[in-house]
Each structure stands twice: as C-alpha cells, then as structure tokens.
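Read-outs throughout are calculated quantities, based only on the coordinates presented, and are distinct from any laboratory measurement. Model, not experiment: these values are computed from the prediction. Counting neighbours? That spans all protein chains shown, and the Cβs are built from the backbone with ideal geometry, glycine included.
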Amino acid sequence: MTNELDREVARRRTFAIISHPDAGKTTLTEKLLLYGGAIHLAGSVKAKRARRHATSDWMELEKERGISVTSSVLQFSYRDHAVNLLDTPGHQDFSEDTYRTLAAADSAVMLIDAAKGVEPQTKKLFKVCRMRGIPIFTFVNKLDRYGREPLELMNELEQVLGIRSYPMNWPIGMGPEFRGVYDRQARVVHVFSAEGSHGESEVAERSVSIDSEEIKTVLTEAELAKLHEDIELLDIGGDEFTREKSDAGQLTPMFFGSAMTNFGVRPFLDAFLDLAPAPTSRPTTNGPREPNNPRFAGFVFKIQANMDPAHRDRIAFMRVVSGRYVKGMNAYHSRLGKEVRLAKPSQFMAAERTAIEDAWPGDVIGLFDPGQYRIGDTLAEGTDVEFEGVPRFSPEYFAVVRSKDPLRRKQMEKGLEQLSEEGTVQIFQQLAMGMKDPIVGVVGALQFEVLQYRLEHEYGAKIALDRLPFSHARWVVGPNFDPKSFDWEGNRQTVQDRDGLPLVLFRDDWALQHAEDKHPDLKFLNEAPQLRKALALNTGS
C-alpha cells in the first residue's frame with residue numbers, strides 16, 4: 001500500500017489557473033485539455049462561428065455571456081501524470097469562488113496578457129497565492145499580437161507583485177512575426193507552424209538545437225542575432241533558477257506563448273508538470289496532514305447544485321489529502337460528529353462525469369450530496385483530524401430578497417438555502433424574523449444577476465432584490481454583545497449568519513471605525529470565525 005500510495009502521489013499535479021478577465025484563461029484551459037488528449041477539437045468561447053463553447057463553461061449563463069462564473073474541475077492524463085486542473089472564474093465579482101478553489105490547489109498558473117501586463121484582478125489573486133505560499137508559474141499569453149517587451153514584463157512582475165521571475169523559455173518575435181520559443185535549459189528552439197487550423201488542433205512543431213548548423217535554415221540572421229543577445233543578457237543579469245525558490249513561491253518560472261494559436265502550449269505543459277509540486281500536506285487542528293499518511297482524509301471546498309438539470313442533484317467537490325479513497329467507504333464527518341457513507345463518487349470534465357472506484361491524494365472527486373455537506377467539511381478515517389476551514393469572506397453588497405409569487409416562496413427558500421451552501425451567496429436572517437425577508441450578501445454585484453437567473457431557471461422562483469445601503473459586514477465576537485443597544489447607535493444593522501453567529505452590516509468606513517473605537521472589547525472580523533471558537537468567545541468561556 002505504501003509503495004503504491006507514494007507512486008500515485010508522485011504522479012499527481014493539482015493546480016488552478018488565475019488571471020484578470022480576458023487574459024485568455026479559458027482558452028489556455030481548452031488548449032491544455034487538447035494536448036492532454038481530453039478533447040480532440042478546442043472550442044474557444046470566441047469561436048462563435050462554430051457555435052461551440054468552452055469545455056470548462058457548463059452553466060447556460062456562462063455560455064450566453066461568454067464568461068466563467070463558477071469554478072469547474074477538469075481531469076486528464078498526460079505522459080505519466082494524472083492532472084487535476086481547477087478552472088476558476090476570471091471575473092472579479094466571483095473571486096470568492098476562486099479563493100476557495102485555491103485552497104484545494106498545490107500550485108497556480110498566473111496568466112498575463114503580453115500587452116496589458118499585471119492587471120488588478122491578477123494582483124488580488126496573486127496575494128491569495130502568496131498568503132498560502134503555493135508555487136506560482138507565469139504564462140505570458142497573446143504573443144501572436146504585438147505587446148510589451150518581455151524584459152519590461154519581467155520588471156513589472158517584480159515592481160508590482162514583488163516576485164522575481166526566471167524565463168524558462170524566451171520568445172522569438174512578436175505579433176505576426178512570432179516564430180517560436182527558445183528553451184533555455186535544453187538550448188533548443190521550438191519553431192511553430194499554424195497551418196490554418198485556427199488553434200483548433202495541435203500545432204506543428206519543429207525543434208532545432210541552437211548550437212547546430214540547422215538553426216541558420218530555421219531563423220533569419222537578424223532573428224538569431226537578437227536571440228543570442230537576449231540570452232546573454234538573461235544569463236548575465238538574470239536570477240539563478242533553483243527548485244527550492246520555485247517551490248516556496250519566491251521565484252516564478254516564466255513561459256511565453258499564444259493559447260489562441262497553440263504556440264508554446266506544449267513546451268509549457270511539459271516543463272510545468274516536471275517543475276510543479278506533487279500533492280503537499282494540509283494544516284489541521286493537530287498539525288500538518290501528509291499525503292502519504294495511509295489513512296484517508298479530505299475536505300470539501302466546493303458544492304454545486306443542479307449540474308444535471310434532469311436530476312436536480314447536488315455535488316460536493318472533495319480534495320483528497322491523504323490515503324486512498326475507495327468507492328462506498330465510510331468516513332467520519334467532523335462537523336456532524338458521525339460516520340457517513342461517501343456515495344456515488346465521480347471525476348469530472350466540467351459537467352461530464354465518470355464513475356470511479358478509487359482516488360488518491362491530489363485528486364478532486366465529486367460526492368453525491370443529500371444535504372449533509374458544507375464548504376470546509378472534513379471527511380476522514382478516524383476522529384483525530386480536522387482541516388482548517390476554507391475561508392468565508394465578508395460580502396460587500398447586500399439586498400433583501402422578496403418572492404414575486406407568494407405561492408413559490410418555498411421554492412425560493414429552498415433555492416436560497418442550496419445556493420448559500422454552495423457559496424454562490426451568503427444568507428443572513430434579520431433578528432427575530434427567521435427566513436421572512438432574508439438578506440443576501442455577495443462579494444461582487446454580478447452575483448446578484450447569477451442568483452436571480454439560477455433561482456428562476458433551476459427552482460422556478462422569480463425574485464425581486466431591494467438593495468441595501470451597506471458596504472461592509474463584520475462577524476462580531478466577544479462577551480456582552482447586545483444587538484438592540486448596538487443598533488441604536490445608527491448606520492448599521494445586526495443580522496445572523498447560517499450558524500446563528502452575529503454579523504453587523506455597516507453603511508460605510510466611518511460607521512465601522514466608529515464601532516471599533518467605541519467597543520474595544522469586541523472583535524469585528526472580516527472572515528467568518530470557526531463556530532466553536534466564536535461561541536466560546538461570545539460566552540467568555
């Protein structure tokens with residue numbers, strides 16, 4: 001078992017792709033699947049002439065809008081590796097879903113637009129990766145268009161993100177003159193040919209040693225002279241590459257290419273799988289849990305309802321952290337404090353599922369969810385392990401939800417409950433009102449549109465949203481907190497989250513600062529506290 005476990009752990013790579021919207025993340029995802037043999041014809045969201053949609057976008061709203069609004073899991077084999085690719089939303093209004101997904105990844109690929117460089121959403125997501133200390137690989141995209149000089153982009157990574165970079169390869173030309181990339185380790189030039197395929201199939205590629213006479217028949221004299229000049233500059237003035245710095249997230253290996261034309265995608269995938277870490281340990285309340293621990297353990301990082309509209313089911317996405325998962329096994333559910341059967345396991349290609357018999361550390365599997373799972377739940381053999389919770393972030397936009405049809409109120413409440421459990425929105429109850437006029441909170445305003453769309457199309461409930469004038473929410477912990485007297489001070493409202501913990505909505509920065517100054521005995525938290533810790537603090541025990 002141990003040898004088999006070690007072998008399976010070493011084979012796996014679990015990573016997420018992060019970027020600003022429109023940097024080409026969905027297109028790169030498609031091309032990685034193409035080279036991994038998971039799909040035979042890449043259908044970019046831009047290929048509307050063929051009426052195809054991205055493989056990773058499964059929700060109807062995503063296909064209509066041409067954006068990713070929910071994370072999806074894509075699994076494929078390449079060489080001897082089992083690859084788990086976590087495709088995340090690019091739009092900033094869905095960044096909370098991205099943050100949760102990063103908790104299940106061992107590394108991240110940061111996609112940069114060659115013309116635009118480091119953009120605002122990239123900065124936010126980079127900070128999350130930095131906080132988690134996960135390795136970051138950089139792919140500079142859209143070299144088939146004219147953009148900024150590679151050296152300028154390297155400097156921007158250091159100045160804006162504070163991370164040094166090491167180009168693993170170097171582009172030859174740009175725009176229509178983009179000919180290929182030079183592999184610095186192998187001293188080989190990869191020259192590409194589009195052959196009029198519009199990036200729908202694998203690109204023809206020729207590899208030539210830079211030290212051979214043949215290189216003079218592949219590159220012009222000017223291209224070769226420029227390449228030699230750039231390489232000399234990098235060798236003299238650039239950083240030295242070490243695996244230790246890369247694994248610690250202190251140095252980002254950098255690649256260049258064009259996802260749209262497939263130029264540079266295969267060299268990137270080959271190098272990435274060699275350099276990216278195998279599954280790593282995860283922190284628990286009793287110290288780190290290593291992947292080669294023979295006892296099974298995993299955690300739920302995402303819940304998705306209604307992936308199959310015909311069955312209206314719910315899937316809990318679980319990252320396997322240690323041991324071996326076997327179909328139909330029982331595991332201890334730490335939050336519920338009881339054993340549960342892990343039923344109907346699946347692996348995914350977006351919404352397409354494949355039944356599986358087992359899974360290993362690093363794998364992401366879907367479990368049938370009858371309503372017993374929440375994001376952050378620990379499932380394990382034995383009661384001695386509980387993973388640190390997946391963060392629940394403070395919303396920034398709020399609205400009261402009303403059903404347009406009183407006869408459909410039950411459907412609305414069921415939909416709200418399920419969508420809150422999968423993290424699409426957060427539901428808060430007004431004090432002493434229960435689910436009468438619930439308040440929804442979201443991190444990005446576009447989530448309101450997704451909420452209305454899904455409630456209508458998946459639950460048959462049309463709703464109206466009355467926006468509220470609050471911009472901050474903070475969980476309150478500490479003894480002697482009295483919501484009634486607290487709310488009288490104005491510019492705020494106390495509500496309860498799904499665990500019954502008090503949460504205060506503030507109108508603006510001034511109202512929050514005023515409360516913090518006036519109540520130094522209370523803590524106002526930006527992330528939801530763990531339930532047991534919060535209850536202990538609130539009772540003063």
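Placing a pseudo-label 7 Å from each Cα along the Cα-to-Cβ vector at residue 404 and residue 329 gives an inter-label distance of 4.8 nm. Within the straight-line cut-off of under 18 Å between alpha carbons, the lysines reachable from residue 436 are 404, 410, 414, 462, sequence neighbours fewer than 8 places apart in one chain being disregarded. The order of the peptides 228-239, 181-192 by mean Cβ neighbours within 10 Å, most packed first, is 181-192, 228-239. Size descriptor for the range 407-517, Kirkwood hydrodynamic radius: 15.0 Å (Cα pairs only, one decimal). Counting only lysines at least 8 places from residue 142 when in the same chain, those with an alpha carbon closer than 29 Å to its own are 25, 31, 46, 48, 63, 116, 123, 124, 127, 216, 226, 245. Quick one: Debye curve from the alpha-carbon atoms of the range 210-250 only, equal weights, vacuum; give me log10 I(q)/I(0) at q = 0.13, 0.15, 0.21, 0.29 Å⁻¹ to two decimals. Here log10 of I(q) over I(0) equals -0.45, -0.54, -0.72, -0.94.
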